[in-house]
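If you scroll down you'll find the structure; I have some questions about it.
The values are calculated or read from the model by the stated rules, or taken from the named source; none is laboratory data. It should be emphasised that the depicted structure is a prediction, and the values quoted were computed from it without experimental measurement. Neighbour counts run over all protein chains shown; Cβ positions are idealised from the backbone, glycine included.
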């Protein structure tokens, strides 16, 4: 597998000092995210679709309806771009121009392949347990009808880039005397208290794999 940013299309030219070339950093960002955005061109018009996803070794798995025109277009091999962005903080400078964000981002280029029926259930397990580890084993088994209605796609991590920004602003020294607060406002994600379905049996407790989740 090539290193991130090693192709002409993925070499970062704008702020190259933020470029990351280590494969493990690529994996870390993908493993920390929950939602990816996938581009698709349909009828000459561009669309960007948010999807639940998971990394499985050197590929990204995501799924959609087998009846979706956009997903069947991707299944036919149209070139695409998948992105994942994690926002870690607002960088508040003394000017709007120097204000920024701290983030971790991944861009993957390529064409999707269809996960075959023989591997589809396992792929759905990987996606489910990425969203909530330990969830799959407690669920009702997937049915043939549900499998037929689901299209699972795989995108290899053969051509990708990683960009990470941390720290404060890079404002010029002459701005330091401007009388306004400057710094970093961290952003934290967290799960709230689980809310049961209205028709849930009250004797069913919240499972440990749900309670222990925190972000």
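Hey, can you tell me all the residues within region 80-99 that are in contact with a helix residue (DSSP H, G or I) (Cβ under 8 Å, 6 or more places away or on another chain) and under 19 Å from residue 34 (Cβ atoms)?
Those that are in contact with a helix residue (DSSP H, G or I) (Cβ under 8 Å, 6 or more places away or on another chain) and under 19 Å from residue 34 (Cβ atoms): 84, 86.
Additional query: Step by step: first the residues of region 29-63, then only those that are touching a strand residue (DSSP E or B) at 6+ places or on another chain (Cβ under 9 Å) and without any contact (Cβ under 8 Å) to a residue 40 or more places away in the chain, then the one that is farthest from residue 85 (Cα to Cα). Which residue is that?
Only one residue tops the list, namely 41.
Now, a different point. List every residue pair whose Cβ atoms lie under 8 Å apart, where the two residues are 6 or more positions apart in sequence or sit on different chains, the first residue falls within region 166-188 and is at negative phi, and the second residue, located anywhere, is surrounded by fewer than 12 Cβ atoms within 10 Å (Cβ to Cβ) and in a loop (DSSP other than H, G, I, E, B).
184/167; 188/215
Here is a follow-up. Within region 133-160, take every residue that is under 26 Å from residue 213 (Cα atoms) and assigned to a helix (DSSP H, G or I) and give me the one that is nearest to the chain's Cα centre (by Cα).
Selected residue: 136.
Considering each of 154, 169 in turn, give the residue that is at pLDDT below 95, in contact with a strand residue (DSSP E or B) (Cβ under 7 Å, 6 or more places away or on another chain) and within 30 Å of residue 22 (Cα to Cα).
Residue meeting the stated conditions: 169.
When residues of region 206-215 are filtered for being without any contact (Cβ under 8 Å) to a residue 60 or more places away in the chain and surrounded by 10 or more Cβ atoms within 10 Å (Cβ to Cβ), how many remain?
Final tally of qualifying residues: 3.
State whether the residues of region 118-132 include one that is modelled with pLDDT under 95, loosely packed, with under 14 Cβ neighbours inside 10 Å, in contact with a helix residue (DSSP H, G or I) (Cβ under 9 Å, 6 or more places away or on another chain) and not in a strand (DSSP E or B).
Checking region 118-132: not a single residue is modelled with pLDDT under 95, loosely packed, with under 14 Cβ neighbours inside 10 Å, in contact with a helix residue (DSSP H, G or I) (Cβ under 9 Å, 6 or more places away or on another chain) and not in a strand (DSSP E or B).
Just a yes or no: is a residue in region 97-111 surrounded by 13 or more Cβ atoms within 10 Å (Cβ to Cβ), in contact (Cβ under 8 Å) with a residue 60 or more places away in the chain and in a loop (DSSP other than H, G, I, E, B)?
Yes, region 97-111 contains a residue that is surrounded by 13 or more Cβ atoms within 10 Å (Cβ to Cβ), in contact (Cβ under 8 Å) with a residue 60 or more places away in the chain and in a loop (DSSP other than H, G, I, E, B).
Output the residue which, of all residues in region 158-202 that are closer than 30 Å to residue 114 by Cα and touching a helix residue (DSSP H, G or I) at 6+ places or on another chain (Cβ under 7 Å), is surrounded by the most Cβ atoms within 10 Å (Cβ to Cβ).
In the first step, residues of region 158-202 are kept if they are closer than 30 Å to residue 114 by Cα; the result is 158-163.
Subsequent filtering for residues that are touching a helix residue (DSSP H, G or I) at 6+ places or on another chain (Cβ under 7 Å) retains 160, 162-163.
Values: 160: 29, 162: 27, 163: 21.
Here the residue is 160.
Tell me whether region 73-94 contains one or more residues that are crowded, with 17+ Cβ neighbours inside 10 Å, over 18 Å from the mean Cα position of the chain (by Cα) and closer than 19 Å to residue 115 by Cβ.
Yes, that holds for at least one residue.
Filter region 179-193 for residues that are at pLDDT 90 or above and part of a loop (DSSP other than H, G, I, E, B) and give the result.
The first filter runs over region 179-193 and keeps only residues at pLDDT 90 or above, leaving 179-188.
Across region 179-193, the qualifying residues are 179, 180, 181, 182, 187, 188.
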